[in-house]
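**Student:** Quick one: the structure is below, questions incoming.
The values are calculated or read from the model by the stated rules, or taken from the named source; none is laboratory data. What you are looking at is a predicted structure, and each value in this text was computed from that prediction instead of being measured. Cβ sites come from the backbone with ideal geometry, for glycine too, and all protein chains shown count toward neighbours. All accessible areas refer to the heavy atoms of the entire protein, side chains included, with ligands and DNA or RNA removed. Shrake-Rupley method; radii C 1.70, N 1.55, O 1.52, S 1.80 Å.
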Amino acid sequence: MTTPLRSLFDFNGGVKPDYHKDASTRLSIGVLSAPTEVPTELVIPLHQSIGGTPRPIVAVGEQVKKGQRIGDADGDVSSAVHASTSGTVSAIEMRRMPHPSGLSSLCVVLETDGRDEWIACQAFDHKLATPQEIRDYLRDCGVVGLGGAVFPTHLKLNADRQGGIETLIINGAECEPYITCDDMLMRERANDIVRGVVLMREILGAKQVRIGIEDNKPEAIAAMQVAVGDCGDDLQVVVVPTRYPAGGAKQLIRVITGIEVPHGKRSIDYDVQCFNVATALAIYEAIGLGRPLISRIVTVAGNVDAPRNFDVLIGTPIKKIIAACSPLPDTNRLIMGGPMMGVEMPGDEVPVVKATNCILLGSNKIFPPPAPEMPCIRCGECALACPADLQPLELYWFSRAKIFGKAQEYHLFDCIECGCCSYVCPSNIPLVDYYRFAKSEIWAREKEKSLADEARDRFEFRQFRDVRDEQEKSARLAARAAAAAAAKQLATTDTVAIPNTEASTEANEKAALIAAAIARAREQQVTATPQNMQQLSAEQLAEISAIEARRAEIREQAKPHLPPDA
Amino acid sequence: MNAYKEIILNGTWKQNSILAQLLGLCPLLAISTNFVNAVSLGLATVVVMLLANLAISALRSFIPYEIRIPVFVLVIASLVTVVDLSFNAFLHDLYLVLGIFIPLIVTNCIVLARVEAFAAKNGLAAATLDGAMMGIGFVWVIALLGLIREFIGQGTLFSGIEMIFPSAHAIQVLPESYPGFLIAILPPGAFFVLGFMIAGRNWLEARANERQREQLRHQRTQGKSGNAIASDAA
Amino acid sequence: MFEAILVMSVGAIVLGAALGYAAVKFRVEGDPLVEKIDAILPQTQCGQCSFPGCKPYAQAIARGEAEINQCPPGGEDGIRKLADLLGREFKPLSAEHGIEKPKAVAVIDEQTCIGCTLCIQACPVDAIVGAAKQMHTIIAEQCTGCELCLPPCPVDCITMETLHETVETWKWKYPVVTLHPAANLQ
Amino acid sequence: MAHNSPYLTKASSVQSVMLRVVLALIPGIVAYVWFFGPAVLIQLGLASFTAIAAEALVLKLRKRPIWRFVSDGSALVTAWLIALSFPPLGPWWLIVVGTLVAIIVAKHLYGGLGQNPFNPAMVAFALMIVAYPLLMSRWPNVATSINFQQACELIFGASTMDAITSATPLDTLRTALHGADASTTIQTVLAKTPRLGHGWDWIAGGYLLGGLYLLQQRIITWHLPTAFLLSMALLAGVSNQLDPAHFNGVAFELLSGGTLLAAFFIVTDPVSSCTTPRGKLIFAAGVGLMTWVIRHFGGYPDGIAFAVLLMNVAAPLIDMYTQPPVFGQKSDMKPKHD
């Protein structure tokens, strides 16, 4: 399958920054997942994909093997988490996340044993499985989109559709400067990727498959073409022009098929589905080899002596891989992701997660601090550069003035935060920061509003119920009084005292009950151990105390939000 | 007594019909090309406002709520007709210059606004004072505007004074060779000058507010050690 | 003279009649203002404003019977929004109604709870589940942090826990241009 | 907090944009000096000095960083546009007052760089032509050559100039056509002054050259100049066809007055014009239409300043209604499944 003759489409905007990709592609992918290289402690965050936070299913002190599931997906929009190597769970606690906030989230801390012992892996026969079984399997394998968005893959591999989809697109464009993890992956493991692609095609029933690669990666293109030729399936490698952000899923779909998927719509609605090359590999490993997602390729680049790609276990502290590349002394920031969309890390102890495609070291020399911000002169450069065809300058005015309604009207949420507008702005305005601010502010307000609405509804329902109960009660009393009156009329001789002080006696009774309960509670606290535990064996007691401990821990986790670590 | 003081202050400065409320701009902008015209129209407006407030305040308990506006307009129109006829009789030259703007006092929203907002709800003395003070607030602004526009526009003061006092003459302030800044006399000039006057007032007010806040803060920091009630009251 | 008076009178009568008719015919019914005020109030239903809930307070404001600065959970922001909506002057939060606190939720210490159901009755939004003599618990997502359950508890087993920022609730800050700080990595 | 992504930026700045605009004006200025003598250089100097001094003063009053904003070059662009649109032989105070108004009133009272709804240079021009219609028509006669010393004397008021000044070609025509003699036609005027408009075409050529440079540098887009020139040409062409006696031909209309200066340097002012592609077309076509209307039916010889200011008022509204469709919202995109 050679480069197709079919014409490509174009997307508006985009920029052509310096790519700096050569440096990190000189060496082959380094392996940091070998048993000897495994760090003594891995910190595996439970929340590593879009959607719900997985529930921990291991206990502190428990032995786990490599690939053992340690977190169960919470609902359908979530993805499982696995132990990256064998060892002992030393803690389940809040640890700092690779997130710009520097806040913590629940992590499983693994003390590795250096044996790197796999669980029993068994390939999955997707041909015999129902679509639902495939989805559940991939969810439990923790396969998520590895391009950076970490959207659970099982939600996109929707095999329910009758007759399959039209086009399956495999994204090997990798448009951000410095990042080369997909490039290296395609060069070195093209065959496995293609196997994954074939699996995906079979599941989706795609009529055609296009593997889009930017034309600045000739080695990757060549390797993929060889692999495609070997596999015997009619896949096509499509060479797309190099322009940032051609690797954005929507931009790549546009370039290859001409279809524009609007904000709020899924590409499946247009009969297209797009996956990253690394995701294809993960699918192959999950289905073909029965291995869950426990490692990924990470580029280390920027202010280092020896930029290189590594195969890294999820949960490895990033300082571990940085050290392998000898960082330069003037390094002053760590960025996860590329220079256009990456986020700054709060420190070098944070772990590699499924979203970590690149660790970029920055210095004032390679990423000079921006010149002072000047006022917007409405030059329109940003509008020309915007790949989403927005008017960034208008969004900037509205976000800056906090006129959020207007910002939404001007399609703020179509912004993909690619950074092209900030890149070209002659006034050095941090435009994307304004959009991020406006977006998170709008989300927070919407959430607050929905909570307030819910509280209002619940309050109003409660009031309604109180009134209804009152009415029912008075109706009941009236009925009883009527019955009593009737009885009185019948039994004229013996007068029965009808309790007309029902309410007050009721209250008194209640007070007495409460007093008794308090007394009981005090008693219980004094006699520390419950009665039924006296005749138990030592093992049983140990078990009970372990359960108590776990319970306490879960309670600790269930507490709404813990104060951030000092 | 304090209430009257407030009426005076409101009319001339705080609630000034032009600088604070931006009411009645049409005659203000059209007639303020020179000082004499400006003051003449301003005084005519004062007379109407004073009498209108007086009349409406006196009649207020007899006017049904629904038809109050037509009644107000009727009263104001009668008063304006009187003023119009007097101008025609005694200051005919000026009458010709001011032209339509004297009859148009009827529609000046300051007059109707004060009648509706104040005279219809307050006693005779307060209403009369309010009418006079609001009028004076209008007069001094239009006079200053006329003064500035005449000075910048043609370098004279009191031109046209002979229409009122035949023996008096305009004063040439700037040298005869001054080319004149035509735009000051044209309608845009009126907007510019008025804009600067409003800006000036806002600036003064902002400064006064700032000073007040400063004082409050000062008192509060002092009051912390003393009694809290005093600082709360302040 | 007579003619003039006649013309004016007829004009006055006709116009007066038209206005009188309009006043009856086009009277504005209902009060959408209450809804707008209620939308600004935080719906904690805490009663700190001295009204039994947010809606009654909104109605009181609309009638002009309550000040706009009586809602501590709404805070300064809320007062500002109300001031904007109603065209009233901004006032600092009135101290007698409480102080603005960070958002918190109630948590029941389940070891101490005796299952008296008093808190369940006090909760304005039904966010506490439990039955008589059974342990109670609070549905954290639905708790408005109104603190109304604290006083009735006979064993003081309910505490308020301040909500801290998490990775999910974290917000990007308003961009401010500052000089880049010195390197803070080793 | 350090700044966030993107960490890469393209090397461009407001300053470089403004300086390239200044550079683009130079060919026009060279032609100007060639035909009308060095007087315009004096005006350029006066305007530049006044603009920068006023800018620095206002920035100081507004407590803004002075050097950062003075060095952005925007005041210089305004000053040069004023100098090129004002008559070269006008008295010194004319251009000084004009520049002061542009910088202080039209620019800084609205909030400074990027905030002005009106084009400052055109505000200055409009204000001064309304205030001093006679002085604003003191253009040198192409035929008479004026040296530097004479120009100084004229500008700084040491001599009178009636002998050597003349009206602009547009003014000449307008005065003649709207005069008492109803039989006057363009042809009779041209017969009397055969060299009418001579020299202006070369200056216009200079501006065109500068404009092409700006297009090549991607500082301006094609929309604004093209729509402006096309609408002018269309109107001139049609009216000239219908009534050649009273309406100028396309060439005369485009090459005289400030048409080309406006097309590439004034209409294209990004701050006060439209920013959406369709908006730009509407905006510039509107300026063209109004310019033509004012030239032929209005009270002033050239209507560009008024036309630009009027369209400036409408620019935000036009922008609002011409928002381009965002990615995925083009009408032909329909999902296959819902």
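**Student:** Round to the nearest 0.05 the FRET efficiency obtained for residue A:403 and residue B:5 when R0 = 51 Å and r is the Cβ-Cβ distance.
**Tutor:** The pair residue A:403/residue B:5 has a calculated efficiency of 0.75.
**Student:** Also, I was wondering about something else. Express the relative contact order of chain A as a whole percentage, based on alpha carbon pairs under 8 Å and six or more residues apart in sequence.
**Tutor:** Reported as a whole number, the value is 16 percent.
**Student:** In addition: If you line up the long axis of helix C:2-25 against the longest principal axis of chain C, both from Cα atoms, how many degrees apart are they, to the nearest 10?
**Tutor:** 30
**Student:** For peptide C:141-150, what's the mean number of Cβ atoms from other chains within 10 Å of each residue's Cβ?
**Tutor:** 2
**Student:** For residue C:94 and residue C:39, calculate 0.36 nm times their separation in residues minus their Cα-Cα distance, and state this gained length in nm to one decimal.
**Tutor:** 17.7 nm
**Student:** Below 8 Å, C-alpha to C-alpha, sequence gap of six or more: please give me the relative contact order for chain C in percent.
**Tutor:** Worked out over chain C, it gives 16 percent.
**Student:** Name the residues of the range A:310-324 whose amide N is less than 17 Å from a point 7 angstrom out from the Cα of residue A:31 along the C-beta direction?
**Tutor:** Hits in the range A:310-324 for residue A:31 at 17 Å: A:310-314.
**Student:** So if each residue of separation counts as 0.36 nm, and I subtract the Cα-Cα distance between residue A:208 and residue A:365, what length gain in nm does that give?
**Tutor:** The residue A:208-residue A:365 span can extend by a further 51.9 nm.
**Student:** Let me ask you something else. Let me know the charge dipole size of the range D:1-101 about its Cα centre in debye, to the nearest 20, where only the beta-carbon of Lys, Arg (+1) and Asp, Glu (-1) is charged.
**Tutor:** Using Cβ point charges on Lys, Arg, Asp and Glu, the range D:1-101 gives about 380 debye.
**Student:** Further question: I'd like to know how chain A sits against the 2.2 N^0.38 Å rule of thumb: what's its Cα Rg over that expected value?
**Tutor:** Expressed relative to 2.2 N^0.38 Å, the Cα Rg reads 1.25.
**Student:** Related question: Place the peptides A:354-363, D:199-208, A:403-412 in order of packing, highest mean first, counting for every residue the other Cβ atoms within 10 Å and averaging per peptide.
**Tutor:** Result, highest mean first: A:354-363, D:199-208, A:403-412.
**Student:** If you don't mind, another one. Among the chymotrypsin sites (Phe, Trp or Tyr not before Pro) within the range C:1-93, which fall in a DSSP loop and have no more than 14 other Cβ atoms within 10 Å of their own Cβ? Can you show the working numbers first?
**Tutor:** Values: sites: C:2, C:21, C:26, C:57, C:90; in loops: C:26, C:90.
Qualifying residues, ordered by number: C:26, C:90.
**Student:** Rg and Dmax of chain C, using alpha carbons, in Å: what are they?
**Tutor:** Rg and Dmax of chain C, Cα atoms, are 26.9, 102 Å.
**Student:** I've got another one for you. Once you average over the residues of D:241-250, how many Cβ atoms of partner chains fall within 10 Å of each Cβ?
**Tutor:** If you average over the peptide's residues, the count of other-chain Cβ atoms is 0.
**Student:** If you look at just the Cα atoms of the range C:102-165, how large are its Rg and its Dmax in Å?
**Tutor:** 10.7, 35
**Student:** In Å and whole numbers, how far do the C-alpha atoms of the range A:232-361 stretch along each principal axis, longest first?
**Tutor:** 49, 35, 29
**Student:** Further question: At a Förster distance of 30 Å, what's the computed FRET efficiency of residue A:447 paired with residue D:313, Cβ-Cβ distance as r, to 0.05? Could the numbers behind the result be given before it?
**Tutor:** Numbers: r = 41 Å, r/R0 = 1.35.
The computed FRET efficiency comes out at 0.15.
**Student:** Per residue of A:399-405, what is the mean number of Cβ atoms on other protein chains within 10 angstrom of that residue's Cβ?
**Tutor:** On the way: counts 2, 2, 0, 1, 0, 0, 0.
Partner Cβ neighbours, averaged per residue: 1.
**Student:** Could I ask something else about it? Residue C:83: net charge of surrounding residues, Cβ under 9 Å, Lys/Arg +1, Asp/Glu -1, itself excluded?
**Tutor:** So the environment of residue C:83 carries a net charge of +2.
**Student:** Under a crude label model (7 Å from the Cα following the beta-carbon direction), how far is residue D:222 from residue A:519 in nanometres?
**Tutor:** 9.6
**Student:** Next question. Past the 19 Å Cα-Cα mark, which pairs from A:250/A:406; A:250/A:354; A:406/A:439? Intermediate values should be presented prior to the final figure.
**Tutor:** On the way: A:250/A:406 25 Å; A:250/A:354 21 Å; A:406/A:439 12 Å.
From A:250/A:406; A:250/A:354; A:406/A:439, over 19 Å: A:250/A:406; A:250/A:354.
**Student:** Would you please put A:219-226, C:46-53, A:275-282 in order of how densely packed they are, using the mean number of other Cβ atoms within 10 angstrom per residue and starting with the highest?
**Tutor:** Working: A:219-226: 20.0, C:46-53: 18.2, A:275-282: 27.4.
Listed from highest to lowest mean packing, they are A:275-282, A:219-226, C:46-53.
**Student:** Of C:14, C:26, C:86, which is farthest towards the positive pole of chain C's charge dipole, taken about the Cα centre with +1 and -1 on the beta-carbons of Lys, Arg and Asp, Glu respectively?
**Tutor:** Value: C:14.
**Student:** Rounded if a/c is under 1.5, else prolate if a/b is larger than b/c, else oblate: which is the range A:295-400, with a ≥ b ≥ c the root eigenvalues of its Cα gyration tensor?
**Tutor:** Prolate, because a/c is 1.5 or more and a/b exceeds b/c.
**Student:** Students often get this wrong: which residues of the range A:279-319 have the backbone nitrogen under 18 Å from the point 7 angstrom along Cα-to-C-beta of residue A:326?
**Tutor:** A:300-310
**Student:** From Cα pairs below 8 angstrom and at least 6 apart in sequence, can you work out the relative contact order of the range C:102-165, rounded to a whole percent?
**Tutor:** 47
**Student:** What list of ³J(HN,Hα) values in whole Hz, one per residue of the range B:22-29 in order, does the Karplus curve 6.51 cos²θ - 1.76 cosθ + 1.60 (θ = phi - 60°) give from phi, with Gly and Pro shown as x?
**Tutor:** For the range B:22-29, the Karplus-derived couplings read 6, 9, x, 6, 4, x, 4, 6 Hz, x marking Gly and Pro.
**Student:** Using a 1.4 Å probe and counting only protein heavy atoms, how much accessible surface gets buried when C and A come together, both sides summed, in Å² to the nearest 100?
**Tutor:** Counting both chains, the buried surface is close to 4200 Å².
**Student:** Straight-line reach from residue A:365: which lysines have Cα under 29 Å away, leaving out those fewer than 8 places along the same chain?
**Tutor:** Correct list for residue A:365: A:16, A:21, A:217, A:319, A:320, C:173, D:10.
**Student:** May I ask you to list the residues of the range A:103-131 whose amide nitrogen lies under 11 Å from a point 7 Å from Cα along the Cα→beta-carbon direction of residue A:74?
**Tutor:** A:106
**Student:** Could you work out the mean projected area of the convex hull around the alpha carbons of chain B, in square nanometres to one decimal?
**Tutor:** 17.0
**Student:** May I ask you to order A:37-43, C:82-88, D:295-301 by the average number of other C-beta atoms within 10 Å around their residues, highest value first?
**Tutor:** Listed from highest to lowest mean packing, they are A:37-43, D:295-301, C:82-88.
**Student:** In addition: If r is the Cβ-Cβ distance from residue A:136 to residue C:67 and R0 is 60 Å, what FRET efficiency results, to the nearest 0.05?
**Tutor:** According to the calculation, E is roughly 0.55.
**Student:** Please compute the modelled spin-label separation between residue C:77 and residue D:242, points set 7 Å along Cα→Cβ, answer in nm with one decimal.
**Tutor:** Modelled inter-label distance: 6.0 nm.
**Student:** Same structure again: Would you please state the base-10 log of I(q)/I(0) at q = 0.05, 0.07 1/Å for the protein assembly as shown, with intensities from the Debye formula using one equal scatterer on every alpha carbon?
**Tutor:** Relative scattering, expressed as log10 I(q)/I(0), comes to -0.58, -1.03.
**Student:** Between residue A:473 and residue D:152, what is the label-to-label distance in nm when each label sits 7 Å out along the Cα-to-Cβ direction?
**Tutor:** According to this spin-label approximation, the distance is 10.3 nm.
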